[in-house]
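Here it is: the structure, laid out below.
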Amino acid sequence: MNAGAGSRSHHQFSEPDNIAVARWMVLREHIDNGKPLTALACEHGIPLRTLQRWHQAYKLHGKAGLEPTPRPKRGRKSPTELITLIEGLALVKPRKTTAAIHQQANKVATRQGWPPVSYSTVRSIISTMDPGMLTLAHQGPVAYRDQYELVWRRRAERPNAVWQADHTQLDLLILGADGKTIRPWLTTILDDHSRAICGYMVFTGAPSSMNTALALRQAIWPKSDSTWPMCGIPDVLYVDHGTDFTSDHLAQTAKDLHFEIVFSAVARPQGRGKIERLFGTINTELLSGLPGYLTQGSRHPHPQLTLPELNGTIADFLTHVYNQREHHEIKQTPQHAWSGNGWLPRLPATIEELNLLLLTVAKSRIVHRDGVHFQGLRYISPLLAAYVGEQVIVRYDPADIAEIRIFHRGAYLCKAVDPTHERSTVSLKEIQEARASRKRELRGQINERIATVTQHLPAKNRDFTTEPEQNKRPPVKHRLDTYQEDRS
């Protein structure tokens, strides 16, 4: 862009008192609405470098930074070589202070016979340097790329063309089944075209391929809630390089369901900007108003929600608030953008086929006369009568093990239920915690009784050991580490 364009632009800002206001009216389109500076430069005839300088001044000093700087007093001008030297000193690593640059520059000026330069002049020269150049010199190409490189933002042409999946640890503490505080995670599946949330998963513990699979199952299969129509198989699933996303389990699922997995560039968070902004929205609009919210300086929040209660709260926000309100970028609601004028998404033939691909495969089990024994529970179904003594494969949902699905020789056989929890939802984690709690209770009772024996019976009269069993060192067992869900 030529200098003439810049001079024409400044001519319209002739009133000195209105210069800062005029600059703000231009810059606010970028700050408030996200309009690129390149587009503003073309629209208003202002050099891009000038807009970048205004933006930098606004970030440092607010609207006051947009006030025009007073013209320097007329006097001797510093030689070009001295100005270049000062700029070079400002770019070397490690970064030098302005005082050090001023001192070194004047030493060189004395040797060269140049007029000395004042501290304020050195500071002025450094302040007018390109901030991108300073960032590149001191922080490297990655920091420069993340702050100053142009980003090409594209939008998928239609719904279900591209889905994004990612995890985040929520800034919230909740109560676990044992009453202890825990910090949960959230996995979301977002449609790139409509910004609609197709599926999600709230869980505790580290992200795993199982949590990803459960979120995908919810996203793909039609929901019972008519206000949440998003479903279907995507053409592309866009993810990062987390171990759960690079697992063989997900790769095989993608192959069987005929969708492609595309990985974002390593250390390039811009590629996942849409889903990152969703996490920010959930954090600021939903979590900030819940008990147990973690804020900077708040060391001891008071959590009150359990995992099921948090799950319901997040579900209500995503389906009835986020998906139903107008998105500022696409100018329509995510639900309307996904539904469009009506279309048929690509779906698996049955939920059993989808479960076969996504659910965890447990160790094989034998069908007994009283059903299938799994995770300390007993599952029954009338269809199992013909398979007593046969070996079957159990597949289950860790979030709800009130029922399991049973496969025989690779084919779906039936759904079996635990009669004691037939009408309730029971998670594997709750079962494991209940078992551990019961063992702790029994161990406490044993220790109390042994302590009584120790108190009243001298050691020489005992014909048994009173050492609590938990104090004995168990034999060392070597085994391969697996997902916790696969241990039984």
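FYI, it's all coordinate maths here, none of it is from the lab. Just so it is clear, the model here is predicted, and its values are computed rather than measured. As a convention, Cβ positions derive from the backbone with ideal geometry for all residues, glycine included, and neighbour counts pool all protein chains shown.
Quick one: which of 274/331; 35/274; 59/331; 35/63 span more than 23 angstrom between C-alpha atoms? Could the numbers behind the result be given before it?
Working: 274/331 15 Å; 35/274 16 Å; 59/331 28 Å; 35/63 18 Å.
Check vs 23 Å cut-off fails for 59/331.
Could you work out how far apart the two model spin labels at residue 327 and residue 169 are, taking each label as a point 7 Å from the Cα in the direction of the beta carbon, and quote it in nm?
The modelled label-to-label distance comes out at 2.9 nm.
Using mean Cβ contacts within 10 Å as the protection proxy, how do 224-232, 92-100 order, highest first?
On the way: 224-232: 15.1, 92-100: 11.4.
Result, highest mean first: 224-232, 92-100.
Per 0.36 nm of contour for each residue apart, how much would the distance between residue 61 and residue 349 grow if the chain were fully extended, relative to their Cα-Cα spacing? Present the calculation step by step, with values, prior to reporting the outcome.
On the way: separation 288, 0.36 × 288 = 103.68 nm, distance 5.96 nm.
Result: 97.7 nm gained on full extension.
In whole Hz, with x marking every Gly and Pro, tabulate ³J(HN,Hα) for the stretch 204-218 from phi via Karplus 6.51 cos²θ - 1.76 cosθ + 1.60, θ = phi - 60°.
10, x, 6, x, 9, 5, 5, 5, 4, 5, 5, 5, 5, 4, 5
While we're on this one: Going by C-beta contacts inside 10 Å, put 157, 276 in order with the fewest on the left. Provide the component values of the computation, followed by the final result.
Numbers: 157 9, 276 15.
Fewest-to-most ranking of 157, 276: 157, 276.
Grab the Cα-Cα distance for residue 99 and residue 388, subtract it from 0.36 nm times how many residues apart they are, and report the gain in nm with one decimal.
Values: separation 289, 0.36 × 289 = 104.04 nm, distance 8.65 nm.
Answer, rounded to one decimal: 95.4 nm.
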